[in-house]
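Have a look at the structure below, then the notes.
The values are calculated or read from the model by the stated rules, or taken from the named source; none is laboratory data. Predicted model, so just to flag it, every value in this text is computed and none were measured. Counting neighbours? That spans all protein chains shown, and the Cβs are built from the backbone with ideal geometry, glycine included.
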Amino acid sequence: MGYKSLLILEKILMALPKSARKNFFVFLAFIGYISSKKYRNIVKQNLDYAFDNSMSEAEIKTITKYSFKNLLFNFMHLMELRHMTKKELADKVTVVNKEAVDRVHKEGRAVIYVTSHYCAWELGGASVGAFIEPTAAVYKKMKNSVYEEWLLDARSRFGNSNLEKTNVLKPLIRLIKNGKASGILIDTNINKREGVLVNFMGKPIRQTATPAYLARKFNAAIIPVTIRTDDEEHYTLMLFDEIKVPKTENEEDDIQKATQLQADWLTSIITKEPKFWFWLHRRWKSDNPQIYKK
């Protein structure tokens, strides 16, 4: 699909009543669920591994269906964000614990937001830019350049910018030195040569060490942030208190400890409400590929 075709589809869908547009994406999610055995299996493999085969088939089915729906809702949110006003976004999203960021700014320090593919992550990223501060989000280059252009344009709607992760360290350092915010996802699969080993969901896995490294070296603050909903209409953007990075003579140990604290935070929110996480992603592919060969 070319860029103009994507814009035409967007125009048609945005012309629909909100409820009809939502129902359209629910229908697409249902089609995706029934037609994609591969991704149904990935969700089951992830859940069985993360929860030690303790989930019932009914629970797995419910979460799998929601995973497909949540992915399509994030696509819908991107589309809506391209046409949304700041007031409309404010009516949709409530911010909790902004004080955590205010405390850091009073100290004259930059913020590194750590987050994940959890619930309405596209709304969450936009809300950080709109209601807290413009943020440069690190992303992985996509194979589909047309979709990437459209997606990045939507993400920059409320003042955010985008940094492709290749050779991203120097731009991140410049941002921190200038007191600017950045955003880094900590729940994507990475190469074994990257990151440090942590326990996530009680399982060993590699996680990016970039937030801890930058925070320690340049006195920035790591602030976890996520978003959730009860009714899929109104959302709560939740900011958490700073994750402190130790600064001893053992840099490697300091970074590992701070990265583990980030993994602990993410484990806690996923364990509390597992349906919101992006179970369609093969998070353990590099460290434990055997779970996807069953």
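Examine the range 77-92 for a residue that is at pLDDT 95 or above and in contact with a strand residue (DSSP E or B) (Cβ under 8 Å, 6 or more places away or on another chain), and state whether such a residue exists.
First pass over the range 77-92, keeping only residues at pLDDT 95 or above: 77-92.
The next check asks that each one be in contact with a strand residue (DSSP E or B) (Cβ under 8 Å, 6 or more places away or on another chain); those that pass are 92.
The answer is yes; a qualifying residue exists.
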Per the list (1) farther than 16 Å from Val104 by Cα; (2) surrounded by fewer than 18 Cβ atoms within 10 Å (Cβ to Cβ), residue check on Phe218 breaks on (1)
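Can we say Asp230 is under 30 Å from Lys22 (Cα atoms), modelled with pLDDT of 95 or more, surrounded by 18 or more Cβ atoms within 10 Å (Cβ to Cβ) and of a type in the set (D, E, K, R)?
Values: under 30 Å from Lys22 (Cα atoms): yes; modelled with pLDDT of 95 or more: yes; surrounded by 18 or more Cβ atoms within 10 Å (Cβ to Cβ): no; of a type in the set (D, E, K, R): yes.
No; evaluated as a whole, the condition is false for this residue.
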Starting from residues that are touching a Phe, Trp or Tyr at 6+ places or on another chain (Cβ under 7 Å) and of a type in the set (Ser, Thr, Tyr), keep the ones in the range 118-170 and report whichever is farthest from Leu71 (Cα to Cα).
Thr135
Of all residues in the range 30-58, which are of a type in the set (D, E, K, R) and surrounded by fewer than 17 Cβ atoms within 10 Å (Cβ to Cβ)?
Lys37, Lys38, Asp48, Asp52, Glu57
Is at least one residue of the range 271-294 touching a helix residue (DSSP H, G or I) at 6+ places or on another chain (Cβ under 8 Å), polar (S, T, N, Q), outside any helix (DSSP H, G or I) and surrounded by 13 or more Cβ atoms within 10 Å (Cβ to Cβ)?
yes
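Filter the range 177-201 for residues that are assigned to a loop (DSSP other than H, G, I, E, B), of a type in the set (Val, Ile, Thr) and touching a Pro at 6+ places or on another chain (Cβ under 8 Å) and give the result. Before the answer, list the steps.
As a first pass, look at the range 177-201 and keep what is assigned to a loop (DSSP other than H, G, I, E, B): 178-180, 186-195, 201.
So of that shortlist, the ones also of a type in the set (Val, Ile, Thr) come out as 186, 188, 190.
Scanning the range 177-201 gives a single hit, Ile186.
Please tell me if Phe73 is aromatic (Phe, Trp, Tyr), within 24 Å of Leu237 (Cβ to Cβ), surrounded by 15 or more Cβ atoms within 10 Å (Cβ to Cβ) and touching a Gly at 6+ places or on another chain (Cβ under 7 Å). Give the steps one after another, and end with the answer.
Details: aromatic (Phe, Trp, Tyr): yes; within 24 Å of Leu237 (Cβ to Cβ): yes; surrounded by 15 or more Cβ atoms within 10 Å (Cβ to Cβ): yes; touching a Gly at 6+ places or on another chain (Cβ under 7 Å): no.
Criteria not met by Phe73.
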Residue check, Asn160 closer than 28 Å to Thr236 by Cβ, polar (S, T, N, Q) and either free of Cβ contacts under 8 Å to residues at least 24 places away in the same chain or surrounded by fewer than 15 Cβ atoms within 10 Å (Cβ to Cβ) (or both):
no
Let me spell it out: the conditions are (1) closer than 27 Å to Met238 by Cα; (2) under 22 Å from the mean Cα position of the chain (by Cα); (3) basic (Lys, Arg), and Lys44 meets all of them except one. Which number is the exception?
(1)
Exclusive hit being surrounded by fewer than 21 Cβ atoms within 10 Å (Cβ to Cβ), at pLDDT 95 or above, not polar (S, T, N, Q) and not in a loop (DSSP other than H, G, I, E, B), set Phe27, Phe68:
Phe27
Mind checking whether some residue in the range 91-110 is in contact (Cβ under 8 Å) with a residue 24 or more places away in the chain, part of a helix (DSSP H, G or I) and within 19 Å of Ile269 (Cα to Cα)?
yes
If I filter the range 155-176 for residues that are farther than 25 Å from Asp254 by Cα, at pLDDT 95 or above and in a helix (DSSP H, G or I), do I get at least one hit?
yes
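Listed here are the residues, each with its yes/no results for (1) outside any helix (DSSP H, G or I); (2) among the hydroxyl-bearing types (Ser, Thr, Tyr); (3) in contact (Cβ under 8 Å) with a residue 40 or more places away in the chain; (4) touching a Lys or Arg at 6+ places or on another chain (Cβ under 6 Å).
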{"site": "Leu9", "(1), (2), (3), (4)": "no, no, no, no"}
{"site": "Asn23", "(1), (2), (3), (4)": "no, no, no, no"}
{"site": "Gly32", "(1), (2), (3), (4)": "no, no, yes, no"}
{"site": "Tyr49", "(1), (2), (3), (4)": "no, yes, yes, no"}
